[in-house]
Amino acid sequence: MITRQEWQEVCDWAWDLVRNIGVVVRDEEFSQVEVADLGLGELPVTGLQILTLVSTQWVGAKLLILRPHQFFPQHRHPPSPTEDYPGKEEIFRGQWGEVYLYVPGEPTPDPKGNPPRHRRAHCTVWHEVNLSPGDQYRCPPDTWHWFQAGPEGAVVWSFSSKVTDAEDVFLDPEITRQTIIRD
């Protein structure tokens with residue numbers, strides 16, 4: 001849960017960062033910035049700012065905006081229980097800064113990512129993929145993954161099949177996907 005003032009400050013920060021790094025966005029898109037605090041009340045450490053640019057029945061395009069060292073917990077995009085949909089496939093592409101993405105595979109010996117101590121037990125995949133500007137990675141549907149920004153923060157493109165974020169499954173049982181803003 002975050003306050004309306006915290007939410008506004010984070011939206012303003014995310015918007016300013018996106019514009020300052022040269023991504024062309026229209027003023028009316030500002031209202032599409034989402035603050036995902038995951039119900040944890042620790043947004044500077046755990047969470048994500050998202051600018052959704054396209055979300056249709058078939059495709060999604062977003063900017064994932066992270067503060068320095070901000071961590072987004074391990075999750076997957078499961079198949080739909082009611083329709084023939086295997087889950088969201090996602091392509092991550094670095095735009096600015098550096099992101100450490102973790103997926104199934106051989107664990108990286110000295111990972112750069114360092115989840116908050118109280119969330120670390122809920123990180124079970126440790127194969128590191130570094131996403132710097134221009135680097136990209138395809139994450140198949142229903143694949144566990146998590147990520148963390150580098151020391152400057154980061155902006156990453158997310159291109160995907162249809163957006164199903166409300167159905168994401170998180171390993172950490174304390175997480176709720178819906179952001180609650182209190183006045």
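The values are calculated or read from the model by the stated rules, or taken from the named source; none is laboratory data. Since this is a predicted model, take the numbers as computed values, not measurements. Note that each Cβ is placed from the backbone with ideal geometry, even for glycine, and that neighbours are counted across all protein chains shown.
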Residue among 34, 6 that is of a type in the set (D, E, K, R), more than 19 Å from residue 160 (Cα to Cα) and surrounded by fewer than 21 Cβ atoms within 10 Å (Cβ to Cβ): 6
If you go through the range 109-128 one residue at a time, do you hit one that is crowded, with 16+ Cβ neighbours inside 10 Å, farther than 19 Å from residue 160 by Cα and within 12 Å of the chain's Cα centre (by Cα)? no
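Considering only the range 108-153, how many residues are assigned to a loop (DSSP other than H, G, I, E, B) and either touching a residue at least 60 places away in the same chain (Cβ under 8 Å) or among the aliphatic types (A, V, I, L, M) (or both)?
Taking the range 108-153 and keeping what is assigned to a loop (DSSP other than H, G, I, E, B), we get 108-119, 123-126, 132-135, 140-144.
Narrowing further to those that are either touching a residue at least 60 places away in the same chain (Cβ under 8 Å) or among the aliphatic types (A, V, I, L, M) (or both): 116, 119, 125, 141-144.
Summing the residues that are assigned to a loop (DSSP other than H, G, I, E, B) and either touching a residue at least 60 places away in the same chain (Cβ under 8 Å) or among the aliphatic types (A, V, I, L, M) (or both) in the range 108-153 gives 7.
Hey, could you check the range 163-180 for residues that are in contact with a Lys or Arg (Cβ under 8 Å, 6 or more places away or on another chain), modelled with pLDDT of 85 or more and not in a strand (DSSP E or B) and say which is farthest from residue 65 (Cα to Cα)?
Just the residues of the range 163-180 that are in contact with a Lys or Arg (Cβ under 8 Å, 6 or more places away or on another chain), to begin with: 163-166, 168-170, 172.
This time we only want the ones that are modelled with pLDDT of 85 or more, so: 168-170, 172.
In the following step, the residues that additionally are not in a strand (DSSP E or B) were identified as 168, 172.
On the way: 168: 18, 172: 21 Å.
Ranking the candidates gives 172 first.
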Flagged in the range 141-176 as in contact with an Asp or Glu (Cβ under 6 Å, 6 or more places away or on another chain) and over 18 Å from residue 63 (Cβ atoms), in numbering order, are 141
Among strands (runs of 3 or more DSSP E) completely within the range 1-99, the ones holding 1 or more residues that are free of Cβ contacts under 8 Å to residues at least 12 places away in the same chain are 48-55
